[in-house]
Amino acid sequence: MQQLQALFNQAFEALELDQKHASVGLSNRPDLCDFQCNGALALAKQAKKPPRQLAEMIVESVKNLIAAQGQADDYAFDIAGPGFINIKLADSLLEQLADTQSSDERLGVSTTEAPQTIVLDFGGPNVAKEMHVGHLRCAIVGESLQRVAQFVGHKTISDVHLGDWGLPYGKTILELKHQKPDLPYFDENHQGEYPEESPVTLEELNRLYREGNERCKNDDAALEEARFITAQMQKGQSGYHGLWKHFVDVSVQAIRKNYERMDINFDYWYGESDSYAYIDRVAKVLNEKGILVESEGAQVVHVAEEADGENPLPPLIFFKKDGAVTYGTTDLATIFQRQEDFAPDQIYYVVDQRQGMHFKQVFRAAEQAGFLNKKDGGTTLPLHIGYGTINGPDGKPMKTRDGQQIFLGGMLNEVFEAAKVLLPTAEDEQCKADGVSQEQLDQLAEEIAMAAIKFNDMKNNTATDYSFDMNQCTRFEGKTGPYLQYAVARINSILDRATNAGITAGAIKLSNEFERKLVFTLLQLNDTIHKAFEKHEPSVICDHAYEIAQVFSRFYTECPILNQEPEVQASRLKIVELTKAILSLELNLLGIKTPHKIYTKRETA
Ligand code: ARG
């Protein structure tokens, strides 16, 4: 597609036509052609020519360019209807491209011409409490974007950016103070070190947070006190700070376990609190620029712009009345820190889209403060990749029946149990024959469960809300993670059988439409990966992987490998190998594992 696009761009230029209309796309009539260009219709009026005639001129021009490259036989053109240009690739060209693709270790995916350093801020769990499903999508999408960015040749620096510095700690500490006032942390005359052991477990922390929250909801004085405690903790008051440290340690252990389980990886485990060391320096810069101003006792940065019109963006509050900092302060200071430590070209925030306004404020303040890269005369604003919510059956963000947050660990367990039901036990004949233990089957169920959750999430556009349906996403049929894992396992068994039959792969030679369709689909890999990166959309990869699996299924019914002419066998085997390599790569970029063999209750792949 890229090569064709270049040719059409050149032709349009030569004919002095607006290149905006030169765009070549996949055909929506694959029965007629592979690609099409509809520019002649849009330009006819302007060029004062009938569209068909204009289309003919364009085709002539493209043909000349192709002939000059010695590729005259590689493409066939046809003008359809009022002036659509239909393009079909010669089988010989597809064969040659597919052979090249399969001998390339990157499977034909180019690396970017402009490698960047990208800070990826994703995950963002809050540490006074256990992780809940609200932090599932950022982990899944963030990890995939991290893998895709690296694969296309960018340098990534990922930071989990723990939420470890706000009012929730104040509320939790306040509650603990009510329940266990005798703890040394609350004794103003305490001397020396505090205990090494945390006074609370993760379960207690969850409960304390909930109860503290309740208390502050009903009692203004309590809320005031929680605010005060937060400010004291941030200023380093030793008892509160000591408690805070315990809270962080206890919950980070659990958070790490969840991420390990999902194979989500971070280079840095920084938190909001790590920005604290930078706040004075940031305040100094803001003051020097004269943009930190007083407003109702607080210190703020005005970020409204004319373009906001009737709805001016509210100011970013940098210091509250009581001196405490806000979420805006820590994010602004974190940008400062990231510029100093990593000098990134770009920062991506994979965060709930409901935080859009917050990031607008932060990015504008960062721009005013001069914290952003200057490039080509302008500044690159960081990018908020906002994701939609995971809803329950009622279409509202998923909650437990009594309206509580659903814990992530619990949800992962449930999906694991659902996956387990699909698999046989170690007592199954096939498992016995293969010497597969129950432990290995559980591992398999775990890999299937993670695939189910991840694919289910990413098959939707990142910005779209979706309803979580456990039964749907764990099925081996339909557009699911397990279906794709199963497709790969099935290919593995085909390959094993071919090897046993002594067949070896050889040059690709297309002999029917099923082979052609599969090879054509596989050749979309490069476009797919780059598009996924540019749009920050793992769903683009999900769509392609699913299409491959479907097209492959058809291919495999129609194109047996065993008992064929040797060249046909060799070619088909090579196509199968290529399919496996591409599917595995795509699943890996989605963060999904590909078990070699999948045991199911129905049949064995
Ligand atoms: N902890 C935040 C939350 O739970 C998400 C943090 C996202 N990253 C950031 N730099 N603000 O909503």
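The values are calculated or read from the model by the stated rules, or taken from the named source; none is laboratory data. Given the structure is predicted, the values throughout are model-derived calculations rather than measurements. Note that each Cβ is placed from the backbone with ideal geometry, even for glycine, and that neighbours are counted across all protein chains shown. The accessibility values were calculated without ligands, DNA or RNA, using every heavy atom of the protein model including side chains. Shrake-Rupley method; radii C 1.70, N 1.55, O 1.52, S 1.80 Å.
Before moving on, here are some points about what is shown:
- Here the range 345-425 is treated with +1 on each Lys and Arg Cβ and -1 on each Asp and Glu Cβ, and its dipole about the Cα centre works out to around 180 debye.
- Atom-type composition of the exposed protein surface of the chain places 48 percent of the accessible area on carbon and sulfur (1.4 angstrom probe).
- Centroid-to-centroid, using Cα positions, the range 71-127 and the range 408-476 are 32 Å apart.
- Orientation-averaged projection of the range 1-147 equals 13.8 nm² [convex hull of Cα atoms, one quarter of hull surface area].
- Over the chain - Rg/Rh using Cα atoms and the Kirkwood inverse-distance radius: 1.04
- Calculated P(r) tail over 15 Å for the range 307-352, as whole % of Cα pairs: 62
- Proximal charge balance of residue 308 [Cβ under 14 Å; K/R count +1, D/E count -1]: -1
- The chain - accessible surface per residue (Å², probe 1.4 Å): 46
- Dipole size of the chain about its Cα centre, with +1 on Lys/Arg Cβ and -1 on Asp/Glu Cβ: approximately 1060 debye, rounded to the nearest 20.
- Expected 222 nm ellipticity per residue - DSSP helices of 4 or more, -39500 (n - 2.57), all of the chain, to 500: -17000 deg cm²/dmol
- Positive-end residue of 548, 576, 486, charge dipole of the range 473-592 with Cβ unit charges: 486
- Under 5 Å, built H, 5+ apart or other chain: amide partners of residue 385: 349, 350, 351
- Acute angle (nearest 10 degrees) that the helix 481-500 long axis makes with the longest principal axis of the chain, alpha-carbon atoms: 50
- As a ratio to 2.2 N^0.38 Å, the alpha-carbon radius of gyration computed for the range 84-228 takes the value 1.83.
- Rounded D (µm²/s) - the range 477-605, Kirkwood Rh over Cα pairs, Stokes-Einstein at 37 °C, 0.692 mPa s: 217
- Relative to the dominant Cα principal axis of the chain, helix 566-589 is inclined by about 20°.
- The range 252-393 gives an Rg/Rh value of 0.99, both radii derived from C-alpha positions and Rh following Kirkwood.
- Whole-angstrom gap from the range 173-214 to the range 268-334, using each part's C-alpha centre: 30
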